[in-house]
Amino acid sequence: MVVTNTLKHTDMEDLLPVFNEAFSDYDIPISMTAEAFASHLESLSYSKDDSVGLFEKRRLVGFLLIGRRGSVAYDAGTGIIPSYRGRGLSHTLIDAAAAHLAARGCTTFVLEVLDTNTKAKNLYQSHGFAIRRNLLCFSAKQDELVGQSDLLLEPHEDGYRVPSCYESSYQNNDQSVAEGLYTCSDIVEKGTRKGVAWYHHTRGSIAQINIEPQYRDENFMKEAIISCARACTTQTVRILNVDEADTVVINALQAAGFTKFTTQSEMVLILEEQKQ
């Protein structure tokens, strides 16, 4: 019999192989090393006490991993190993997680789901999740970038802040990139600071590029993107979860040679307070 319980007593080394097995046949398969998995969860403020697993005779067969910041819970990964699918356990897992999070004081449950995964999208909607916005994901190979950039990426100057025009997704927000050891650099043109960027050299990931409003146009954004991409040491560079309303970034990415490889829906469930 499969039962639900928290992951309070489940160690990373026991969780990782189940995680990799559960995501091995997804539209975009995922397989992580122990180091990458630990770093991924740390950057999302993973809470094993808030996370829920599916167990059969103490064997972990499914999970809903939770990152938590204050009263906001984030789905850091939901999966069930292939041999246990088709039994309605996804419904059990979501119901158990939502009730557990509400009892622990969470008021908002956020997740992202690939738009190609219509089954999962419909599943979450059937449990009360609503689509808040659409997010686009892009990638480009270093040798296929279009154009050059004269912009400099200089060490970030404390106190220099440039607000984002669009809210960052949970995994790209300030706390996530800081905990994920992203580099923060100021974008400088001819001695003038005009924006701030967060990127990860060795992962080939650009999380944020925030440009001051008076300079924020497609040409300047394109140069900033190229500068960040060139700072990465990977052959391929990705920028995930761009708000579909942000046409400046989208047009600049396409002009720089980036291609959209998938889209996601950001979904939200407002939790009702429950007592354990």
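Within segment 226-264, the set of residues being in a helix (DSSP H, G or I) and in contact with a strand residue (DSSP E or B) (Cβ under 7 Å, 6 or more places away or on another chain) comprises 227, 228, 229, 231, 249, 250, 253. Evaluation of residue 28 against the conditions (1) of a type in the set (A, V, I, L, M, F, W, C); (2) under 26 Å from residue 3 (Cβ atoms); (3) open to solvent by 50 Å² or more (accessible area, probe 1.4 Å) shows that the sole unmet condition is (2).
Using the structure shown, decide if residue 149 is of a type in the set (Gly, Ala, Ser), more than 21 Å from the chain's Cα centre (by Cα) and crowded, with 20+ Cβ neighbours inside 10 Å. Let's see the steps before the verdict.
On the way: of a type in the set (Gly, Ala, Ser): yes; more than 21 Å from the chain's Cα centre (by Cα): yes; crowded, with 20+ Cβ neighbours inside 10 Å: yes.
Here the answer is yes, as residue 149 does meet what is asked.
Each row is one residue, and each column tells you yes or no for (1) of a type in the set (A, V, I, L, M); (2) crowded, with 20+ Cβ neighbours inside 10 Å; (3) modelled with pLDDT under 95.
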position	(1), (2), (3)
74	no, yes, no
95	no, no, no
100	no, yes, no
114	yes, no, yes
122	no, no, no
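The single condition among (1) modelled with pLDDT under 95; (2) more than 25 Å from the chain's Cα centre (by Cα) that residue 189 does not satisfy is (1).
Considering every residue within segment 168-177, establish whether at least one is buried (at least 19 other Cβ atoms within 10 Å of the Cβ), touching a residue at least 24 places away in the same chain (Cβ under 8 Å) and more than 27 Å from residue 257 (Cβ to Cβ). Yes, there is a match, as at least one residue in segment 168-177 is buried (at least 19 other Cβ atoms within 10 Å of the Cβ), touching a residue at least 24 places away in the same chain (Cβ under 8 Å) and more than 27 Å from residue 257 (Cβ to Cβ). In segment 17-37, the residue that is modelled with the lowest pLDDT out of those that are assigned to a helix (DSSP H, G or I) and closer than 25 Å to residue 262 by Cα is 36. What about residue 15, is it in contact (Cβ under 8 Å) with a residue 40 or more places away in the chain and of a type in the set (A, V, I, L, M)? Against the criterion (in contact (Cβ under 8 Å) with a residue 40 or more places away in the chain and of a type in the set (A, V, I, L, M)), residue 15 qualifies. Flag not set for residue 192, criterion: farther than 18 Å from residue 153 by Cα, open to solvent by 20 Å² or more (accessible area, probe 1.4 Å) and among the hydroxyl-bearing types (Ser, Thr, Tyr).
Among the residues of segment 1-16, those that are closer than 13 Å to residue 65 by Cα, in a helix (DSSP H, G or I) and open to solvent by 20 Å² or more (accessible area, probe 1.4 Å) comprise 12, 16.
The residue that is surrounded by the most Cβ atoms within 10 Å (Cβ to Cβ), counting only those in segment 201-220 that are in contact with a Gly (Cβ under 9 Å, 6 or more places away or on another chain) and part of a helix (DSSP H, G or I), is 220. Within segment 222-243, can one find any residue that is touching a Lys or Arg at 6+ places or on another chain (Cβ under 7 Å), crowded, with 21+ Cβ neighbours inside 10 Å and of a type in the set (S, T, N, Q)? No, the conditions are met nowhere in segment 222-243.
The values are calculated or read from the model by the stated rules, or taken from the named source; none is laboratory data. No experiment lies behind these values; they were computed from the predicted model shown. Ideal geometry is used to build each Cβ from the backbone, glycine not excepted, and the neighbour counts take in all protein chains shown. Quick note on the areas: whole protein, heavy atoms, side chains included, nothing else; ligands and nucleic acids left out. Shrake-Rupley method; radii C 1.70, N 1.55, O 1.52, S 1.80 Å.
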